[in-house]
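Taken together, the values in this text are just the output of simple stated rules run on the coordinates, not laboratory data. Everything numeric in this text was worked out from a predicted model, so none of it was measured. Methodologically, a virtual Cβ is constructed for each residue, glycine included, from the backbone with ideal geometry; neighbour enumeration extends over all protein chains shown.
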Amino acid sequence: MEYYAHITEDGRKQTVLEHLNATSALCGRFAINEFKPFAELAGLLHDIGKYSLAFQRRIKGGKEHFEHSVCGAIELHKLETDKSRKIFLSMLEYCIAGHHTGLPDGGSVGDKEYEQTLQARLKREHEYIGSSDYSAYKEEINFSVPDLKKPFMLMFGDVEKGNEREKIERYAFFTRYLFSCLTDADFLDTERTFTPNTDRQLNADFDKVSEILDDKLGGFKADSDLQKARGRLLRQARENCKGEENVFLLNMPTGSGKTLCSLRLALDLLKKSGGKLKRIICVIPYTSIIEQTAQGFTELFGEYADILQHHSNFVYNESGGDMTAAKLQKACENWDSPFVITTNVQFFQSLYHYKGSGLRKLHNMGDSVIIFDEIHLLPLDVLQPCLRGIGYITKFLNSKAILLSATMPDMSRLFEEYLPNVP
């Protein structure tokens, strides 16, 4: 028989195998090289529970309960393998078991199977998750545990002996990262099945944006001490941003043109990367500032760049068939856009959330230049995770960060503690 993952209202069908292969391919495309095999494996196994007869009856209109999302995690957990492999497979177990409901708490071995922790879900047998066997997946799916050397060295290779806190933080980060790849890939492939003509393509001509910005900056006449000072600061900033560092500090006084200068630096870094960096993300603390910045950028570059605004004060008007507005509204889900303007809250929640709706954006924070405006306004009670997040994105996901402030505090000790081994 054929096993179906999705059936549309007009009767079109996608088999489970088609969905698993497509999701696996997307997962691998989203992930960094060291984690591609693990991301592909997560995509391949995430919906093997749909091979059950109970799910097949349900998808055709039946009312039978079957918890298909946990089955892939259960199968991984059954594998006889050494401790180091178990550590990495557990990352996938979290992602697969929670790909609909969100990353679960780990729990403990004493948890009962009806609880919602990962340990509880891994104990569930057919009597609890549903009354049907899903082992038919073995007729179509073959898998093996990927090699661990590259991901292990990436995650732990430079961690000082005894620094268990750093190991735990990195483990959690990469679990959320894999979860981001999986949930976005799963959603996008499902969307293609139900609405195959969906257009999500957003574009930016950064060469033209750079040209317009240079014209804007060159249009300021250097006929006053203030304008001359602005020019000197811009030249100094561009010169100091030519290095190979991942994190740059831009300390410029109020009124010196910080916003346009930071964008100029971001464009320089994009060009220097030779295509490795793909987007600019501007992270701003206040909605009043974000609206002003977004309006200014849209007026300057809107003809040549689709600028995504993602904050609570802005809603895209999709009436009248505005296709760009519709695409931008969809891009709020995963930030698959070349130019993003957002808030501190939205950015850091997207790093530390447990729901797929929040974490879908995480993998698209990679390959980016991220400008953090008014960095001194990060709340002190969450400063540690914020700085760690910036460090991990720049160290592991091929991104650059520009920390911008008119009143830059001395953050050297904080960087040493919370951004270890991040240049």
Cα-only radius of gyration and Dmax that characterise the chain, units Å: 23.6, 80
DSSP-assigned coil residues among trypsin sites (Lys or Arg not before Pro) in the stretch 309-412, each with at most 16 further Cβ atoms within 10 Å: LYS355
Angstrom value of the Kirkwood radius, inverse mean 1/r, which spans all Cα pairs in the stretch 4-194: 17.2 Å
In degrees, nearest ten, helix 36-45 long axis to first principal axis of the chain (Cα): 40 degrees
Coordinate range along principal axes, alpha carbons of the stretch 231-331, Å, largest first: 46, 32, 21
Cα-based equivalent ellipsoid, the stretch 126-218: semi-axes from gyration tensor eigenvalues, Å: 39, 30, 13
Between helix 16-30 and the chain: long-axis angle, C-alpha atoms, 0 to 90°, nearest 10: 30 degrees
DSSP-loop trypsin sites (Lys or Arg not before Pro) across the stretch 230-266, with at most 11 other Cβ within 10 angstrom: LYS242
Helix 287-301 vs. the chain, principal-axis angle (Cα, 0 to 90°, nearest 10): 80 degrees
Projected-area mean, the stretch 206-418, by convex hull of Cα positions, square nanometres: 12.4 nm²
For the chain, the longest site-free run once GluC sites (Glu not before Pro) in DSSP loop states with at most 12 other Cβ atoms within 10 Å are removed: 304-423
Sequence-separation-based contact order of the chain, relative, with Cα cut under 8 Å and 6+ spacing, percent: 16 percent
